[in-house]
Amino acid sequence: MALADVNDTRLAESAAALEELGVRALPVHCDVSSDADVEALRDEVLDAFGHVDVVMNNAGVALLGPPDTLSMEEWDWILQINLVGVIRGIRAFVPHLRHRGRGWVVNTASVAGLYGYAWDTIPYITAKFGVVGLSEGLALYLRPLGVGVSVLCPGLVSSNMGDTARIGGVQDPRQWIQEMPLEEPVTPDVPGRLVCDAIETERFLVLTHPEPIRERIARRGADPDAFLAAQIERLPTPPNLP
Ligand SMILES: NC(=O)c1ccc[n+]([C@@H]2O[C@H](COP(=O)([O-])OP(=O)(O)OC[C@H]3O[C@@H](n4cnc5c(N)ncnc54)[C@H](O)[C@@H]3O)[C@@H](O)[C@H]2O)c1
């Protein structure tokens, strides 16, 4: 199994954990915001394994801050990783899967890609909505050609995301940070098992918190205006910054 990450320490730890389980691991340093890195990753993986069965575009970061106060550099940082990183993965690996007429693409989005779940992480929501739309379109394109597509939309998962998260825009976050109502986190093995199951059973949408999320998606689909009004009611009121 090839593993790619920009964090070399975590990459080495994950590769060692896989080797301990008896899985051949190929750790590759890769920044998904670099075209050259993602293309080099593809070349290295194909050299080492000869083919690819499953591509998982999973790298992601979080950016908190009122959207109108974030700099373009901050917007670009998250979009280049969370959205364009997935596009790079598709451009690099999909021709190979398509020519083989088999394989699977899994893109990690979030519940943030299914409905506007909060007002403090709007660049994250923007990127994840993009990943959901990209994945749905990709399924239309690839499934008839023999290649499967799934989109993973987790709710909260305990992970290391806090290490890379940035707070942007406003200097003093105490001016605006408020707690958003979220479901309880699950452990990372939960999305891991669900993704394997989705590939085996050929399903598109993978949810870690299926009941509340399916209910929200259904309400949003039935009446988007009523859903939006209920969300505004449910969330803390944002401060009107100077
Ligand atoms: N943790 C959650 O609650 C949650 C919820 C919904 C969606 N997600 C999504 O799940 C995915 C995995 O996140 P996680 O929660 O496991 O966080 P994590 O920080 O533990 O894992 C993300 C990995 O992406 C890597 N990464 C960051 N920038 C990169 C770059 N430029 N190039 C290559 N790798 C890079 C990090 O080094 C890290 O190892 C992300 O796409 C995230 O948006 C997470």
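Below is a table of values for the structure above.
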item	result
Dipole of segment 104-198, positive end: most advanced residue of Gly137, Val170, Val195 [Cβ charges, Cα centre]	Gly137
Per residue accessible area in Å² of the chain, where ligands, DNA and RNA are left out and the probe is 1.4 Å	54 Å²
Distance between modelled label sites at Glu211 and Glu13, nm, 7 Å Cα→Cβ extension	3.3 nm
Spin-label proximity, Asn160 to segment 60-82 - amide N less than 14 Å from point 7 Å beyond Cα toward beta carbon	60-61
Cα-based helix-to-principal-axis angle, 224-234 vs the chain, degrees rounded to 10	70 degrees
Cα-based helix-to-principal-axis angle, 35-49 vs the chain, degrees rounded to 10	40 degrees
Thr108 - accessible surface, heavy atoms, 1.4 Å probe, Å² rounded to 10	10 Å²
Cα gyration tensor category, rounded, prolate or oblate, for segment 56-120 with a/c compared to 1.5	prolate
C-alpha long axis of helix 210-222 to longest principal axis of the chain, angle in °	60 degrees
Solvent-accessible area, 1.4 Å probe, carbon plus sulfur percent, for segment 53-234	57 percent
About the Cα centre, charge dipole magnitude for segment 106-242 (Lys/Arg +1, Asp/Glu -1 at Cβ), debye	260 debye
Distant-in-sequence amide H partners of Gly148 (H built 1.01 Å from N, under 5 Å)	Gly103, Trp104, Val105
Length-normalised contact order for the chain - Cα pairs under 8 Å, 6+ apart - percent	18 percent
Surface/4 of the Cα convex hull for the chain, nm²	14.1 nm²
Inter-part distance where segment 178-231 and segment 8-34 are each reduced to a Cα centre, Å	28 Å
Cα-centred dipole magnitude for the chain, charges only on beta-carbon of K, R (+1) and D, E (-1), debye, nearest 20	780 debye
Local electrostatic count, Ser150, Cβ distance below 14 Å [Lys/Arg +1, Asp/Glu -1]	-2
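The values are calculated or read from the model by the stated rules, or taken from the named source; none is laboratory data. This one's a predicted model, so the numbers in the text were calculated from it and none came from an experiment. Don't worry about glycine lacking a Cβ; one is built from the backbone with ideal geometry, like all the others, and counts go over all protein chains shown. In case anyone asks, the SASA skips ligands and DNA or RNA and just uses the protein heavy atoms, side chains included. Shrake-Rupley method; radii C 1.70, N 1.55, O 1.52, S 1.80 Å.
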